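Contents: one structure, followed by commentary.
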Amino acid sequence: MLASLDVQRRPGVFTFVAVEVPTPGLLAAAHGMVKEGTSTTLVLPIESARRAGLPTVVEMAWLSLTVQSSLEAVGLTAAFSKVLGDAGIPCNVLAGYHHDHLLVPIDRVDDAIAVLRISSS
């Protein structure tokens, strides 16, 4: 799986917000969502969060690993986490049905893409 790994950047800048009750507009704008007890974490385009008057604590780039991974695959998350960690690049991971998605600080996106591509070659 690692040999065929490549990474693509989703256009835009994203942020994480936590809300107690997401509005229909926020849900429509969200690219990711996680229910956490009494709040909901949304991954939003930064302009959507700002328009809603929500704090933008982080500015992230969204990377998608283009390798199609099984939901039962072992070791893929550990492999890319190690590569990014060794480079000092923070990473938040969302797993989709077909691909893994990584949110990295916007100012480190080029570094993240480079080290992920090097690790797969």
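Couplings for the range 11-25, taken from phi via the Karplus curve 6.51 cos²θ - 1.76 cosθ + 1.60 with θ = phi - 60°, read x, x, 10, 10, 9, 9, 9, 10, 10, 6, 10, x, 6, x, x Hz in order; Gly and Pro are left as x. The fewest-to-most ranking of E36, E59 by surrounding Cβ atoms within 10 Å reads E36, E59. Compared with the direct C-alpha span, the chain from V58 to S39 gains 5.0 nm at full extension, assuming 0.36 nm per residue.
Adding -39500 (n - 2.57) for every DSSP H run of four residues or longer, then dividing by how many residues the chain holds, sets the calculated 222 nm ellipticity at -8000 deg cm²/dmol. How high is the relative contact order of the chain? Use alpha-carbon pairs under 8 Å, at least six apart in sequence, and give a whole percent. Computed over the chain, the figure is 31 percent.
Can you give me the angle between helix 109-120 and the longest principal axis of the chain, using Cα atoms only, in degrees from 0 to 90, rounded to the nearest 10? Here the helix axis deviates by roughly 30 degrees.
The phi-based Karplus calculation (6.51 cos²θ - 1.76 cosθ + 1.60; θ = phi - 60°) puts the 3J(HN,Hα) values of the range 36-53 at 9, x, 8, 10, 10, 8, 10, 9, 10, x, 4, 5, 5, 5, 5, 4, 7, x Hz, whole numbers, x for Gly and Pro. Over the chain, the pair-distance histogram of Cα-Cα distances with 10 Å bins from zero comes to 13, 43, 31, 12, 1 percent, rounded to whole numbers. If I fit a long axis through the Cα atoms of helix 76-86 and take the longest principal axis of the Cα atoms of the chain, what angle between them do I get, 0 to 90°, rounded to 10? Roughly 90 degrees, rounded to the nearest 10.
Close amide-amide hydrogen proximity is noted between T66 and D6, V7, Q8, each under 5 Å apart and 5 or more residues distant or on a separate chain (H modeled in the peptide plane; Pro and chain starts excluded). Sorted fewest first by neighbouring Cβ atoms within 10 angstrom, V21, V104 come out as V21, V104. Available extension along the chain between A78 and A28 is 14.8 nm, counting 0.36 nm per residue and deducting the alpha carbon span.
Protection proxy ranking of 79-87, 5-13, by the mean of other Cβ atoms within 10 Å over each peptide's residues and highest first, is 79-87, 5-13.
Each value in this text was obtained by applying a stated rule to the coordinates, not by laboratory testing. Quick caveat: nothing in here was measured; it's all calculated off a predicted structure. Backbone-built Cβ (ideal geometry, glycine too); neighbour counts: all protein chains shown.
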